[in-house]
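Structure first, then comments.
Each reported figure results from applying straightforward, stated rules to the coordinates on display, with no laboratory input. Given the structure is predicted, the values throughout are model-derived calculations rather than measurements. Here the Cβ is made from the backbone with ideal geometry for all residues, glycine too, and neighbour counts use every protein chain on show.
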Amino acid sequence: MAEEQCQCSDCKRFYKEHDRLIREFPTFKQQQELNWASIQSFRTLCTKITDELQRELSERESNKDVNLEEKHISNTEITETLDELENVNAYLHSIEALMERIFDTKISNNIESRFKEIANELAPDPLNIDRLILNRLFHETPDSKDKKNIN
């Protein structure tokens, strides 16, 4: 028997996003491109934030007379964040190296169509009318027209 999925709000949001990504990017090539773009955007953002924090810390160190109350973020917080972002960027670089290997993989069009079929099974469109009717039946919604027609 399969274990039930967690129903907390974070997990529900994850499952919804997971299924959306499968529906919108149902082929191997699309998943390759999506993941590559995601990693690159994450690296770009982390690098930009790192540069900004380093600049701010440098400016603060050169202006020692700046009033501490004017600072919204402490030097310690900036330094700790810079250390963490350095680790994140190293991890992202490692993931990028692995993704380059994944990009070496090529899939035929016949297999790409199989990816699309399986994607539809894994993450069916939640707004598909058949799925909506089925969900109503399972939840026994009293106001459902479909439920009334079955009796």
Q: Would you mind calculating the gained length between residue 101 and residue 33 on full extension (0.36 nm times residue separation, minus the Cα-Cα distance), in nm to one decimal?
A: 23.2 nm
Q: Only Lys, Arg, Asp and Glu count, each charged at its Cβ (+1, +1, -1, -1), so figure out the dipole size of segment 28-106 about its Cα centre, rounded to 20 debye.
A: 540
(Q) Please compute the length gained on full extension between residue 122 and residue 4, using 0.36 nm multiplied by the number of residues separating them and subtracting their Cα-Cα distance. (A) 40.9 nm
Q: Could you tell me whether segment 28-106 comes out rounded, prolate or oblate from its Cα gyration tensor? Rule is a ≥ b ≥ c as square roots of the eigenvalues, rounded for a/c under 1.5, then prolate if a/b exceeds b/c, otherwise oblate.
A: prolate
Q. Hey, what do the phi angles of segment 45-50 turn into as Karplus ³J(HN,Hα) couplings, whole Hz, using 6.51/-1.76/1.60 and θ = phi - 60°, x for Gly and Pro?
A. 5, 4, 5, 5, 5, 4
